[in-house]
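Down below is the structure, laid out as structure tokens.
Every read-out reported here was derived from the displayed coordinates using simple, explicitly stated rules and does not represent laboratory data. Fair warning: this is a prediction, and the values are worked out from it, not measured in the lab. Cβ sites come from the backbone with ideal geometry, for glycine too, and all protein chains shown count toward neighbours.
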Amino acid sequence: MTVKIEESWKQHIGQEFAKPYFAALAAFVHEEYRHGECYPPGRLIFNAFNLCPFDSVKVVIIGQDPYHEPGQAEGLCFSVADGVPLPPSLVNIFKEIHDDIGTPVPQSGSLERWARQGVLLLNATLTVRAHAAGSHQRHGWEEFTDAVISCLSARRNNLVFILWGSYAQSKAQLIDASRHLILRSPHPSPLSAHRGFFGNHHFSLTNQYLTRHGLKPIEW
């Protein structure tokens, strides 16, 4: 399988594409897209990487699964395309940003502007079958995205890893906490946001850390 991914990522994680698990994953994804509606559109599967080259990464936000309803997923965790109603978790993310640093809540739910500033919006699973949450989990995507996290941890310094919810926090074992900042809190979902997502100050803490290490803060 020839993967169309930004060149710097190919240089750092290209060996994953040659491994048996990825060949099996590629065959599975191809069949799923051929036989039914899947998200995001094929050209956006690696959108997070294509918008945020390896050496541009400053922040990594880890999600679990793409949105599985029509028109939502655009290959960036928590992000939805322009014109799509904001999902509840994204509403809560924008609320916390406003409460934390005063940024007005935007009309658009697309987080492409974050990606272009160095925020890798990484879902652990990069594809999903329509109307079927989690349908592409445990087919190889997690092995690939774990390799991405491990590679960033080992080859970069002073990144901020933002882990919301127990699933994302399980990835902390892949990250060298002596080289990077790890921020943890409950998930922004309405089911858990009031248990500590609100008031986590992750956006100001991220920018303080970046500034301390001579990096331009994110315009959230």
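Between the alpha-carbon centers of the stretch 141-218 and the stretch 82-129, tell me the distance in whole angstrom.
For the stretch 141-218 versus the stretch 82-129, the Cα centre distance is 15 Å.
Note down the relative contact order for the stretch 119-194 as a percent, whole number, built from C-alpha pairs under 8 angstrom at least six residues apart.
Computed over the stretch 119-194, the figure is 24 percent.
Report ³J(HN,Hα) in whole Hz for each residue of the stretch 168-174, in order, from the Karplus equation J = 6.51 cos²θ - 1.76 cosθ + 1.60 where θ = phi - 60°; Gly and Pro get x.
With the stated coefficients, the stretch 168-174 comes to 4, 5, 5, 7, 4, 5, 8 Hz.
Check which residues have an amide H placed less than 5 Å from ASN123's amide H, if you skip close sequence neighbours.
Here the answer is GLY63, CYS77, since their amide H atoms fall under 5 Å of that of ASN123.
Semi-axes of the chain's equivalent ellipsoid from the Cα gyration tensor, sqrt of 5 times each eigenvalue, largest first, rounded to whole Å?
26, 21, 15
Scaled to the compact-protein estimate 2.2 N^0.38 Å, what is the alpha-carbon radius of gyration of the stretch 19-134, rounded to two decimal places?
That works out to 1.11 for the stretch 19-134.
Whole-Hz Karplus ³J(HN,Hα) for the stretch 43-52, in order, using 6.51 cos²θ - 1.76 cosθ + 1.60 and θ = phi - 60°, x for Gly and Pro?
5, 10, 4, 9, 4, 4, 6, 5, 8, 9
Under a 5 Å amide H to amide H cut-off, with H placed in plane at 1.01 Å, what residues pair with PHE161 once short-range neighbours are removed?
Amide H neighbours of PHE161, under 5 Å, 5+ apart: VAL60, LEU181, ILE182, LEU183.
What nm value, rounded to one decimal, do you get for the distance between ALA133 and LEU191 when each label is placed 7 Å out toward the C-beta?
0.6
Counting only helical runs of four or more DSSP H residues, what would the 222 nm mean residue ellipticity of the chain come to if each run contributes -39,500 (n - 2.57) and the total is spread over all its residues?
One gets -10000 deg cm²/dmol as the mean residue ellipticity at 222 nm.
According to the square roots a ≥ b ≥ c of the eigenvalues of the Cα gyration tensor, what is the shape class of the stretch 64-110, taking rounded for a/c under 1.5, prolate for a/b larger than b/c otherwise, and oblate for the remainder?
prolate
What FRET efficiency would be calculated for the residue pair LEU86, SER170, taking the C-beta separation as r and a Förster radius of 30 Å, to the nearest 0.05?
0.65
Rounded if a/c is under 1.5, else prolate if a/b beats b/c, else oblate: with a ≥ b ≥ c from the C-alpha gyration tensor eigenvalues square-rooted, which is the stretch 108-198?
Rounded shape, in that the Cα axes give a/c under 1.5.
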